[in-house]
Amino acid sequence: HRKETRNMKTMVVISHPTIQTSSSQQFFLATLKGEEAVTVRHLDEVWSGAKPHFRKSNEEKALADSSAKRLILQFPMYWYQAPSVMKEWIDTVMSKSAPFAKQIKELGVVVTLGVKEEAFRAGGKEQFTISELMRPFQALANAMGWTYLPIFEVHQFDYKTEEAKQALLVDYLQYVTKENHGTLKDTEEWFIQRAEAMPGAHWAEIAEWIKENQDERLELEMHLSNWEESQYGDY
């Protein structure tokens, strides 16, 4: 029997003014559909035209009711930062004394960009890495006492092949739900269970392929271990 996949309760907070026509955001929303451990909050839908644009009590309650231990902030990058709605939400809700402050343990950032990945590096077109540009979120996590997860960058989604999008689906689902990334074996086990649960023969074939590779890798590791013992056992 395979061990049960452990998923962390997560709230994904999205800021995107045209989410209905965003292919990347619709892709992510479809990926999360049916995930009982995930709560999605679209800020542009709860933003009020009258001030205050966000009610602190409503947003605190949404976070508390989600029982989320991982908070994911998801948005397209606008001029090297998050959209203004996301910033306003952070300014409204974040407080070390907030009811959810000790409930949340991890903060992640999912950022979509229309520029190639290689542009964001020293000497590249943009000169700075995404990690450098997103540093305020790292400071926020530090101030709140949360673990800051590696940034999940999505570059030029519309230009990706179907195979690349399928790989992105798995990576995104792991980033949002998987309790810890752990070892290669943990990741394989997690993926196998996910693939087996997804409809279509294609996913079943992927699961079987991973199982076969697991067996071959474990056999190789055993042979290497025996070889090392025979070589160094007398020392």
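Read-outs throughout are calculated quantities, based only on the coordinates presented, and are distinct from any laboratory measurement. Since we're looking at a predicted model, the values are computed, not measured. Neighbour counts are summed over all protein chains in view; Cβ atoms, including those assigned to glycine, are modelled from backbone coordinates with ideal geometry.
Can you order the peptides 171-179, 33-41 by their average number of other Cβ atoms within 10 Å per residue, highest first? All intermediate terms of the calculation are to be shown ahead of the outcome.
On the way: 171-179: 18.8, 33-41: 14.8.
Ranked by mean Cβ neighbours within 10 Å, highest first: 171-179, 33-41.
Report the gain in length on full extension from residue 116 to residue 20: 0.36 nm times residue separation, minus Cα-Cα distance, nm rounded to one decimal. The partial results should precede the final answer.
Working: separation 96, 0.36 × 96 = 34.56 nm, distance 2.36 nm.
Extra length available between residue 116 and residue 20 comes to 32.2 nm.
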Segments 8-18, 159-169 sorted - mean Cβ within 10 Å per residue, highest first: 8-18, 159-169
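Can you bin the stretch 1-148 into rounded, prolate or oblate? Criterion: square roots of the alpha carbon gyration tensor eigenvalues sorted a ≥ b ≥ c, rounded for a/c under 1.5, prolate for a/b above b/c, oblate for the rest. Provide the component values of the computation, followed by the final result.
Working: a/c = 1.37, a/b = 1.20, b/c = 1.14.
Here the stretch 1-148 falls in the rounded category.
Kindly rank 68-75, 142-149 from highest to lowest mean number of other beta carbons found within 10 Å of each residue.
On the way: 68-75: 23.0, 142-149: 14.9.
The densest-packed peptide leads the list: 68-75, 142-149.
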In Hz, Karplus ³J(HN,Hα) per residue of the stretch 77-87 (6.51, -1.76, 1.60; θ = phi - 60°; x = Gly, Pro): 7, 10, 6, 6, 7, 6, x, 4, 5, 5, 4
Cα lying deepest toward the dipole's positive end in the stretch 99-150, options 137, 110, 127, charges on Cβ: 137
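Evaluate E = 1/(1 + (r/R0)^6) for residue 45 and residue 129, where r is the Cβ-Cβ distance and R0 equals 41 Å; express this FRET efficiency to the nearest 0.05. It would help to have the intermediate numbers written out before the result.
On the way: r = 32 Å, r/R0 = 0.77.
The calculated FRET efficiency here is 0.85.
How big is the charge dipole of the stretch 1-79 about its Cα centre, in debye rounded to the nearest 20, if each Lys and Arg gets +1 on its Cβ and each Asp and Glu gets -1 on its Cβ?
On the way: 12 positive and 8 negative charges, 61 e Å.
Charge dipole, the stretch 1-79, about its Cα centre: 300 debye, nearest 20.
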Estimated FRET transfer efficiency when R0 is 30 angstrom, pair residue 88-residue 164 (beta carbons, to 0.05): 0.35
Spin-label model distance (nm) - residue 30 vs residue 81, 7 Å beyond Cα toward Cβ: 3.4 nm
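Placing +1 at every Lys and Arg Cβ and -1 at every Asp and Glu Cβ, with all other atoms neutral, what dipole size does the stretch 99-163 have around its Cα centre, in debye to the nearest 20?
Details: 7 positive and 9 negative charges, 76 e Å.
Dipole magnitude for the stretch 99-163 comes out near 360 debye.
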Euclidean distance of C-alpha centroids, the stretch 133-174 and the stretch 48-83, integer Å: 17 Å
